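Asker: Just passing along the structure, written as structure tokens.
The values are calculated or read from the model by the stated rules, or taken from the named source; none is laboratory data. Here the structure is a predicted model, which is why all the values come from computation and not from measurement. Positions of Cβ are backbone-derived with ideal geometry, glycine not excepted, and every protein chain shown enters the neighbour counts. SASA here: full protein model, heavy atoms, side chains in, ligands and nucleic acids out. Shrake-Rupley method; radii C 1.70, N 1.55, O 1.52, S 1.80 Å.
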Amino acid sequence: MPWIQWEGRAYWLVFVGAFMAVAVWESYRPALALSVREERRWSRHAVIAAVGFVMSAGLYRVTPVFAAAAVAGSKFGLLNKAWLPVAARWILAVAALDLVRYGVHVAHHAVPLLWRVHQVHHSDPDLDASTGARFHPIELIVTQGAYLAAIAACAPPVGAVLLTELLFCFQSFFSHANSTLPARVEKALRLLWVTPDMHRIHHSDQRREQRSNFGDLFPLWDRIFRTYVAAPIAGIEGMRPGLEGFQNDRSLDVSFMLRLPFRRAPE
């Protein structure tokens, strides 16, 4: 199928292109000074991302696009009904999959066992494009499982799933960018799309702010479910990212990231 043939090439093209573009943007318009050199951050986060990718791919052995193709003819699908206009199917598919990501993200903060895993992402002492790749392998497995289950239930258009995958890939780097948009652009864009300034609040070391701005692509869900926060209490420049007790160089060690969910308290 053509969508499946394009999936791998398109994904890695967006992955590399988005990361490099955001990295260049950060170098010209940084929001906050980093406490650790980019080279060390990037290398450590690349390793943890590779471990997670291998484990997730090895477990499921199926991609979201392949899964969508497999259930395209399901009689139980919610989004493959002939009476639904094609455009409506695509729009609803992208929105539904983003809502699933929002719900899974909220669960990672609300469920203690899931939070143990998700704190690996939040324990980054700084915030930049590479933070978008800093996830514990168990979190990737849980998130991918929920995502594949949603695809099986909804049977969304295969092309819409590919589009959503590419948007998530781009957004993982863009939303974590250590950079800011011009004020007017930020204000306008945030009405429709999660911006770096909006998501940066979610990475604050303040617990109240960590439990806000869960959205991945669209800020709509945060506004609907009242988890939206417009600005950190200390302001963007005064906000401190990370988790209390983990804001140190050791938080970038690969062994630390892999072991963190199984620890009782910060070192």
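Asker: Out of Ala160, Ala155, Ala149, which single residue is modelled with pLDDT of 95 or more, touching a Gly at 6+ places or on another chain (Cβ under 6 Å) and under 29 Å from Lys81 (Cβ atoms)?
Answerer: The unique qualifying residue is Ala155.
Asker: Sticking with this structure for a sec: Looking at (1) open to solvent by 80 Å² or more (accessible area, probe 1.4 Å); (2) in contact with a Phe, Trp or Tyr (Cβ under 6 Å, 6 or more places away or on another chain); (3) of a type outside the set (Val, Ile, Thr), which is the only condition Pro112 fails?
Answerer: The one condition Pro112 does not meet is (2).
Asker: I would also like to ask the following. If I ask for residues that are closer than 23 Å to Ala155 by Cβ, at pLDDT 95 or above and of a type in the set (Lys, Arg), which ones from the stretch 77-117 would you list?
Answerer: Arg89, Arg101
Asker: Here's another thing I want to ask about it. Which numbered condition trips up Arg207, out of (1) closer than 20 Å to Ala107 by Cα; (2) open to solvent by 20 Å² or more (accessible area, probe 1.4 Å); (3) in contact with a helix residue (DSSP H, G or I) (Cβ under 6 Å, 6 or more places away or on another chain)?
Answerer: Every condition holds for Arg207 apart from (3).
Asker: Could you go through the stretch 237-252 and let me know if any residue there is buried (at least 19 other Cβ atoms within 10 Å of the Cβ), outside any helix (DSSP H, G or I) and touching a strand residue (DSSP E or B) at 6+ places or on another chain (Cβ under 6 Å).
Answerer: Scanning the stretch 237-252 turns up at least one residue that is buried (at least 19 other Cβ atoms within 10 Å of the Cβ), outside any helix (DSSP H, G or I) and touching a strand residue (DSSP E or B) at 6+ places or on another chain (Cβ under 6 Å).
Asker: Let me ask you something else. Is there a residue being free of Cβ contacts under 8 Å to residues at least 24 places away in the same chain, assigned to a helix (DSSP H, G or I) and open to solvent by 40 Å² or more (accessible area, probe 1.4 Å) anywhere in the stretch 128-140?
Answerer: So the first thing to find is which residues in the stretch 128-140 are free of Cβ contacts under 8 Å to residues at least 24 places away in the same chain, and the list is none.
Checked against the condition, which is being free of Cβ contacts under 8 Å to residues at least 24 places away in the same chain, assigned to a helix (DSSP H, G or I) and open to solvent by 40 Å² or more (accessible area, probe 1.4 Å), the stretch 128-140 yields no hits at all.
Asker: Considering (1) surrounded by fewer than 16 Cβ atoms within 10 Å (Cβ to Cβ); (2) touching a residue at least 24 places away in the same chain (Cβ under 8 Å), say which one Ala49 fails and leave the rest.
Answerer: Every listed condition holds for Ala49 apart from (1).
Asker: Which of the residues spanning the stretch 191-205 are within 20 Å of Asp128 (Cβ to Cβ) and part of a loop (DSSP other than H, G, I, E, B)?
Answerer: If the condition is that a residue be within 20 Å of Asp128 (Cβ to Cβ) and part of a loop (DSSP other than H, G, I, E, B), then Trp193, Val194, Thr195, His203, Asp205 are the ones that fit.
Asker: When you go through Arg89, Arg40 one by one, which is the residue that is assigned to a helix (DSSP H, G or I) and surrounded by 15 or more Cβ atoms within 10 Å (Cβ to Cβ)?
Answerer: Values: Arg40 fails: surrounded by 15 or more Cβ atoms within 10 Å (Cβ to Cβ).
Within the list Arg89, Arg40, the selection yields Arg89.
Asker: Filtering the stretch 52-79 down to residues that are among the small types (Gly, Ala, Ser) and open to solvent by 20 Å² or more (accessible area, probe 1.4 Å), which residue is farthest from Ala93 (Cα to Cα)?
Answerer: Top of the filtered list is Gly58.
Asker: For Trp25, work out the one condition from (1) crowded, with 17+ Cβ neighbours inside 10 Å; (2) closer than 22 Å to Gly238 by Cα; (3) at pLDDT below 95; (4) of a type in the set (Phe, Trp, Tyr) it doesn't fulfil.
Answerer: Exception for Trp25: condition (3).
Asker: From the set of residues in the stretch 172-192 that are in contact with a Leu (Cβ under 7 Å, 6 or more places away or on another chain) and not aliphatic (A, V, I, L, M), which is farthest from Val229 (Cα to Cα)?
Answerer: It comes out as Asn178.
Asker: Pick out the one residue from Gln206, Gln210 that is among the polar types (S, T, N, Q), closer than 23 Å to Pro112 by Cβ and under 16 Å from the mean Cα position of the chain (by Cα).
Answerer: Sole residue among the options that is among the polar types (S, T, N, Q), closer than 23 Å to Pro112 by Cβ and under 16 Å from the mean Cα position of the chain (by Cα): Gln210.
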